[in-house]
1. Quick check on segment 86-137: of everything there that is among the hydroxyl-bearing types (Ser, Thr, Tyr) and free of Cβ contacts under 8 Å to residues at least 40 places away in the same chain, which residue is surrounded by the fewest Cβ atoms within 10 Å (Cβ to Cβ)?
2. If you check LEU112 against the conditions, is it modelled with pLDDT of 95 or more, assigned to a loop (DSSP other than H, G, I, E, B), touching a Phe, Trp or Tyr at 6+ places or on another chain (Cβ under 9 Å) and not hydroxyl-bearing (Ser, Thr, Tyr)?
3. For segment 87-108, indicate whether the set of residues that are outside any loop (DSSP other than H, G, I, E, B), within 23 Å of SER61 (Cβ to Cβ), in contact with a helix residue (DSSP H, G or I) (Cβ under 6 Å, 6 or more places away or on another chain) and of a type outside the set (D, E, K, R) is non-empty.
4. Looking only at segment 155-171, decide whether some residue is among the hydroxyl-bearing types (Ser, Thr, Tyr), closer than 18 Å to PHE33 by Cβ, modelled with pLDDT under 95 and part of a loop (DSSP other than H, G, I, E, B).
5. Return the pair list, or none, for Cβ contacts closer than 6 Å from residues in segment 147-158 that are within 17 Å of ALA82 (Cα to Cα) to residues that are among the acidic types (Asp, Glu), at least 6 apart or on different chains.
6. Kindly provide the set of residues from segment 83-102 that are of a type in the set (A, V, I, L, M) and in contact with a strand residue (DSSP E or B) (Cβ under 9 Å, 6 or more places away or on another chain), ordered by number.
7. So, in segment 1-44, of the ones that are exposed (fewer than 11 other Cβ atoms within 10 Å of the Cβ), assigned to a helix (DSSP H, G or I) and among the polar types (S, T, N, Q), which residue ends up modelled with the lowest pLDDT?
8. Return the residues of segment 64-93 that are of a type in the set (Lys, Arg) and within 14 Å of ASP156 (Cα to Cα); say none if nothing qualifies.
Amino acid sequence: MIRLARDRSGIALTEFALVLPFLILLLIGSYQFNDAVSAYRKVTITTKTVADLTSQFTSVSQSDVDTILNASAQVLTPYSAAASKITVSQIRIDDKLVATVDWSQGKNVIGLTKGAPFNLPAEVKQPNTYLIVAAVDYRYDPIVAANLIGTINMHDQIIMGPRASNLVKMRAS
């Protein structure tokens, strides 16, 4: 009996068996965290791409904007573009610094209503100007432990001024 109490030959295996579930959770958790950060980076890059491409035009048709939105959705790869809602809008700021939607179009979502008020930060409001606003909402479903973590809603928005002219006119297709 005393000899059995002094025997330490299986203790490392026992400790490893106790620690293994924690190590597996740590591995899965760090993988999932890195994947979520990567998805958010893709959302940010997509938002910038939509605004950047749109701001380079002097006028666009609905099919031009559809092309921009479809191309920008490819930036989300390998994440599903079907889980995203992408909008691009031109916001008009009048002489009283009231911002309203001039035109808007979306992918997987209806664009903003023309003439609707739009909330802009005071520091970007300049009288009688136009701004391009791109926004992406993304529903991220974790690959591992989706039931445990749940869906993560990601959002990004960017405001840019038109580059080639004072505004980007929406022309008939």
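1. Result: THR113.
2. Criteria met by LEU112.
3. Yes: one or more hits.
4. Scanning segment 155-171, I find no residue that is among the hydroxyl-bearing types (Ser, Thr, Tyr), closer than 18 Å to PHE33 by Cβ, modelled with pLDDT under 95 and part of a loop (DSSP other than H, G, I, E, B), so the answer is no.
5. Cβ pairs passing all conditions: THR151/ASP141; HIS155/ASP137.
6. ALA83, ILE86, VAL88, ILE91, ILE93, VAL98, ALA99, VAL101
7. The residue in question is THR14.
8. Correct list: LYS85 only.
The values are calculated or read from the model by the stated rules, or taken from the named source; none is laboratory data. None of the values given here were measured: they were computed from a predicted structure. Because the Cβ atoms are built from the backbone with ideal geometry, glycine has one as well, and the counts that use them run over all protein chains shown.
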